[in-house]
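Have a look at the structure below before the remarks.
Taken together, the values in this text are just the output of simple stated rules run on the coordinates, not laboratory data. Since this is a predicted model, take the numbers as computed values, not measurements. Backbone-built Cβ (ideal geometry, glycine too); neighbour counts: all protein chains shown.
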Amino acid sequence: MTILGRLKSWEGLLLGLLAVIVVMNILRSPYFLGAGNIANLFQLSIEKIIVALIMTLIIINGEIDLSVASIMGLAACVLAWLFQMGASLPIAIVGGLLAGLAAGLFNGFWVAYVGLPSLAVTLAGLIGFRGIARILVEDRAIGGFPVWFNTLGQQGILGPITASILIFAVLFAIVAIVLHGSALGRLVYVIGNNLQAARYSGVRVQSVKMTLFAASGLIAALAGILYAARLGSVRGDMATGFELDIITIVLLGGVSIFGGSGNLAGVGLSILVILNLRNGMGLANITGNTQTSVIGALLIFSVLAPNLAQNLQRRWIGRKT
Amino acid sequence: MKWLQRHVRPEQVRELSLLLLIIVAVVFFGSMIDGYYTSRTFNRIVSSVAIITIVAVGQTLVVLTRNIDLSVGSVVGCTAYFVGTLLGRYHDLNPLLAVLTAVALGAALGAINGLLVAWGRIPSIIVTLGTLAIYRGILVDLSGARTVTTDSLPGWLVGLPRLNLMSIGGLDLPALFMLAVAIVLIFHLGTGYLAVGRRFYAIGSNPDAAALIGLPIRRLVFLAFVLSGALAGLAGFVTLARYGNITVESGRGLELAAVAAVVVGGVNIFGGSGTVLGAMLGAIMIGTLEQSLYRLQISEFWRDAILGLLILLAVASDAVILQRLRALWGRADLKIVTEPPAEATVAAGARSP
């Protein structure tokens with residue numbers, strides 16, 4: 001079976017899983033398919049799925065960014081801190097975005113130009129950026145933002161569709177075009193497939209990696225600010241542990257943790273699977289902690305399943321010849 | 001310089017410079033804080049270091065084989081809570097049996113990780129990120145978010161943290177810290193001199209070569225995870241003894257401190273080099289920072305930012321400085337073996353770009 005065939009069957013599996021979950025949800029609640037509930041479904045995890053889009057590019061490129069949740073917290077805390085110092089909110093938002101961009105550039109510098117493993121660099125970032133966020137707001141909860149900011153995060157602008165959902169849709173389109181329709185996207189795959197070959201064929205590996213990490217920082221910051229707008233207040237520990245969900249979404253979507261393969265359609269399906277699963281478990285009164293356990297199990301399963309399938313396939317071929 | 005090159009390996013330079021850094025930090029904090037050089041400061045640092053050290057030893061074994069174990073914080077929480085509940089219910093449980101239960105439970109949780117990594121062929125970061133969430137979720141669900149309290153525990157356990165094995169000039173060495181030191185010594189010698197220990201290094205420094213010479217890689221990686229889980233279980237017991245009150249949140253984030261200790265201690269995150277003793281130095285560095293920043297009255301919130309920076313510096317110095325050192329040492333070795341005539345050196349110099 002070709003790689004393409006295997007990917008297709010992975011997406012088929014996701015589609016089947018999604019159908020089962022949706023049917024079970026519909027049986028449990030008749031309101032499930034209403035436009036309000038579906039918008040709500042997205043809205044409850046919108047920040048995670050926004051970051052999952054850029055994480056897809058990073059993992060296909062053969063790297064990982066564990067610091068995204070901390071950058072989300074950092075951007076929100078910089079915003080709150082600037083706002084409390086008396087800056088107007090638009091300036092504070094720009095400040096938060098710049099902080100995220102700076103954090104991304106910082107990660108990118110060490111990974112792309114110094115050549116350190118991204119696992120170690122972004123683990124340091126996971127701890128360090130969270131530390132900076134805590135220094136800024138300590139153990140307070142900063143709120144009292146202008147009404148328009150909270151409205152932005154909480155209320156729909158096109159029916160039940162909020163600004164965050166619109167931003168997600170636009171970003172999804174942009175990432176799809178970049179990954180599957182641009183030269184940069186091809187380079188992302190090439191580098192993820194074989195770093196050495198890419199380097200020897202003259203691909204500017206460093207600038208591609210730098211671009212991706214900078215973009216990851218900026219988008220994580222945007223997601224953090226949207227999260228602040230949705231919650232209406234900012235704390236130092238906000239978005240802690242989000243990296244688990246984000247990485248799970250990407251890997252469940254069929255993106256290989258070793259880089260070089262995967263596509264955005266799979267990630268889109270996996271987003272739907274996880275959102276519906278969480279929503280369904282919520283409807284069934286399953287607590288948040290069990291939900292997190294299930295997501296963790298799903299993460300392991302999403303890598304274990306292709307491995308097992310490959311094993312079986314090899315045995316099957318071995319028997320035939 | 002020649003003497004240095006002949007008697008000290010590059011990795012040891014790394015550990016010696018960390019030791020120097022710890023001394024510099026102590027002198028620095030001593031000049032900032034009144035009454036820093038007292039037995040009280042020493043005792044505080046020593047008792048806070050014990051838990052991180054034990055977990056970091058297990059983490060070192062896993063990292064040596066080119067893997068990582070992010071689930072240790074949850075394992076510590078699970079064992080502390082489970083053994084605490086057990087002791088709360090059966091007061092006359094044999095102390096040794098309680099410790100063994102903690103170690104066995106930790107080893108079982110570690111075995112699940114090891115099984116998935118070694119035979120499921122899943123990258124360890126994915127497995128342990130998953131089990132980090134799963135173990136914690138199971139703990140919260142099974143416990144119903146209740147808390148183990150000090151007064152439910154038997155007296156010997158509550159008194160354990162204050163038990164001192166010996167006292168040197170007013171500096172007490174608590175039994176729990178000496179336990180950590182004993183663990184470090186055992187595993188330092190074990191990884192240094194036992195065949196199984198050297199095999200951990202072999203797998204980490206070159207997995208393909210290790211497979212070619214017929215090392216049982218899967219079993220060894222499995223063993224590393226089981227040992228890491230068992231040591232996390234022991235750390236869970238120490239946590240229970242030290243704090244007494246165990247919530248479902250206990251041990252959360254410990255994996256980051258352990259990885260930080262290991263990396264700061266000079267263990268290469270890509271496996272194959274570093275020592276258990278180095279990891280302990282890393283843990284001491286972190287413990288010193290933690291306790292001293294607390295005393296400095298600048299907020300504890302600085303701790304994480306400094307820790308992140310420290311990890312980054314450690315990894316960067318590994319990549320940049322250590323490689324230069326090794327090259328320098330390598331050249332020195334050549335010189336010692338065959339002192340080349342002057343013309344040959346010139347010729348070699350001219351050829352090199």
Given N residues in the stretch A:1-149, what is its alpha carbon radius of gyration divided by 2.2 N^0.38 Å? 1.37
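Dipole size in debye (nearest 20) for the stretch B:113-223 around its Cα centre, Lys and Arg Cβ +1, Asp and Glu Cβ -1?
Roughly 340 debye for the stretch B:113-223.
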Run the simple label-point estimate for B:Ile23 and A:Tyr113 please: 7 Å along Cα→C-beta, distance reported in nm. 3.5 nm
Label the protein assembly as shown by shape, choosing from rounded, prolate and oblate, from the square roots a ≥ b ≥ c of the eigenvalues of the Cα gyration tensor; if a/c is under 1.5 it is rounded, and otherwise prolate applies when a/b is larger than b/c, oblate when it is not. rounded
So for the pair A:Ala183, B:Ile168, with labels modelled 7 Å out along Cα→Cβ, what separation do we get in nm? 6.6 nm
Fewest-first ranking of A:Ile219, A:Ile93, using other Cβ atoms within 10 Å as the exposure measure: A:Ile93, A:Ile219
With n ≥ 4 as the cut-off for DSSP H runs, can you work out [θ] at 222 nm for chain A, using -39500 (n - 2.57) per run divided by the number of residues, rounded to the nearest 500? -25500 deg cm²/dmol
Suppose only helical runs count, i.e. DSSP H with n ≥ 4. What mean residue ellipticity at 222 nm does that imply for chain B under -39500 (n - 2.57) per run, divided by all residues and rounded to the nearest 500 deg cm²/dmol? -25000 deg cm²/dmol
At R0 = 41 Å the Cβ-Cβ FRET efficiency linking B:Ser39 and A:Ser9, nearest 0.05, sits at 0.05
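What is the dipole size for the protein assembly as shown, taken about its Cα centre, with +1 at each Lys and Arg Cβ and -1 at each Asp and Glu Cβ, in debye to the nearest 20?
1440 debye
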For the stretch B:39-302, the charge dipole (Cβ of Lys, Arg +1; Cβ of Asp, Glu -1; about the Cα centre) points to a positive end, and the Cα of B:Phe222, B:Tyr294, B:Leu139 closest to that extreme belongs to B:Phe222
Residues B:His7, A:His180, sorted so that the one with the fewest Cβ neighbours within 10 Å comes first: B:His7, A:His180
Sites matching chymotrypsin sites (Phe, Trp or Tyr not before Pro) across the stretch B:17-80 that sit in DSSP coil, with at most 13 neighbouring C-beta atoms within 10 Å: B:Tyr37
Apply 1/(1 + (r/R0)^6) to the Cβ-Cβ distance of B:Ala182 and A:Arg315, taking R0 = 45 Å, and write down the FRET efficiency to the nearest 0.05. 0.45
Average Cα contact separation per residue, the stretch B:126-258, under 8 Å, 6 or more apart, as relative contact order %: 36 percent
Mean shadow area of the stretch A:38-306 over all directions, Cα convex hull, nm²: 14.3 nm²
Based on DSSP loop calls and a cut-off of at most 16 other Cβ atoms within 10 Å, the longest stretch of chain A free of exposed chymotrypsin sites (Phe, Trp or Tyr not before Pro) is what? A:32-257
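When only C-alpha pairs under 8 Å and at least 6 residues apart count, what is the relative contact order of chain A, in percent?
It comes to 32 percent, rounded to a whole number.
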Among the helices of chain A (complete DSSP H runs), which have Cα atoms covering no less than 27 Å along the helix axis and a Kyte-Doolittle mean of at least 0.5? A:3-28, A:89-108, A:118-137, A:205-231, A:264-283
Mean 1/r over all different Cα pairs, inverted: what Kirkwood radius does the stretch A:209-275 give, in Å? 13.6 Å
Mind checking the dipole of chain A: about its Cα centre, +1 per Lys or Arg Cβ, -1 per Asp or Glu Cβ, Debye to the nearest 20? 900 debye
Pop the C-beta distance of B:Arg198 and B:Ala108 into the FRET formula with R0 = 25 Å and round what comes out to the nearest 0.05. 0.40
With label points built 7 Å along Cα→Cβ from the Cα atoms of A:Ala87 and B:Val320, find their separation and express it in nm. 2.9 nm
Between the residues B:Val267, B:Val75, B:Gly58, the Cα farthest towards the positive end of the dipole of chain B, that dipole coming from +1 and -1 charges on the beta-carbon of Lys, Arg, Asp and Glu, is from B:Val267
Given the peptides A:95-103, A:119-127, arrange them by the average over their residues of other C-beta atoms within 10 Å, most packed first. A:119-127, A:95-103
Based on DSSP H assignment, which helices of chain B show an axial Cα extent of at least 30 Å together with a mean Kyte-Doolittle hydropathy greater than or equal to 0.0? B:10-32, B:39-64, B:95-118, B:217-243, B:302-337
Note on the stretch B:1-74: alpha-carbon gyration tensor, axes a ≥ b ≥ c; rule is a/c under 1.5 for rounded, else prolate if a/b larger than b/c, else oblate; result oblate
